[in-house]
Structures are given as structure tokens and as C-alpha cells.
Amino acid sequence: MKKLLLAFAFAAAVLPVVAQTAAPAAAPKQQVAVKAPKVVQKVQVPAAQRAIPYSKELQQKLALNDAQYTKILAVNTECINKKDALKQADQQKGGGSKEIAQYRMEQYKTILTPDQLAKLKALNAAQGTKPKS
């Protein structure tokens, strides 16, 4: 008999706790507002600013003087503008890249000394790349 009373007492103590933590059987569904996807617009950094890091890298690695750096920066800016124009014209990616790279190298040949040009070619070969645009 004591065991039966103890079981009832235990059930009476536990039952209200279980009832409070159980989920409501038929809670009304709330409507979830669907948010429109955020449109992320790319901010186009001007070509002159995008040309600076590569030009500074060349200045450091090839020991360019100030006059050479200014000319290299102008060439890099011009090439970036040309690539941007190709992209805006909806041409295939890399559609005119070879021509732009050739133009850039021709310009570099007129700006750089033979030693600097050899260093540039060695750097490009080591990186497995061509001059950046």
C-alpha cells in the first residue's frame, strides 16, 4: 500500500511539470513574412585605384624610379579601363585579354631597362602568370 501511495504522489508531482513543457497540440500557425532578397551592388573601384597595387609591386620588385613608376601606373590604368570596357560590352571573359596583355608588354618594353624587363619576365615565369590587368 505504501508503494501505491508513493507512486500516486510521484505521478502527481511529475505530471504538472510534463504538461507545462509539452508543446500545445493545435497552436495556430503564424504567417512568416518573406523578405525580399537583398540586392548587393558591387561598387566599382576606379581603374586608377585598382592599378596602384600592381604598379607598386613592380616598383618594389624592379626598383623603378619615380618617372618609370608614373608611366607604368598609366599603362596599367589604361589596360584596366580597356578590360572594363570589354566586360561592359558583354564580350566573353578574356575575349581581348591577349591583345591587352601584348599591348601592356609592348609599353613596358619602352619604359623598363633591359635588366628590369628580364626581372619582370623571370617574376612572371616564377608565378606562372602574365602581367596583371
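None of the figures in this text is laboratory data; all of them are computed from the coordinates on show. These figures come from a predicted structure and were not determined experimentally.
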Original post:
Amide H neighbours of T113 under 5 Å, counting only residues 5+ apart in sequence or on other chains, H built in-plane at 1.01 Å?
Top reply: none
Original post:
What are the principal axis extents of the Cα atoms in region 47-127, in Å, biggest first?
Top reply: 38, 24, 21
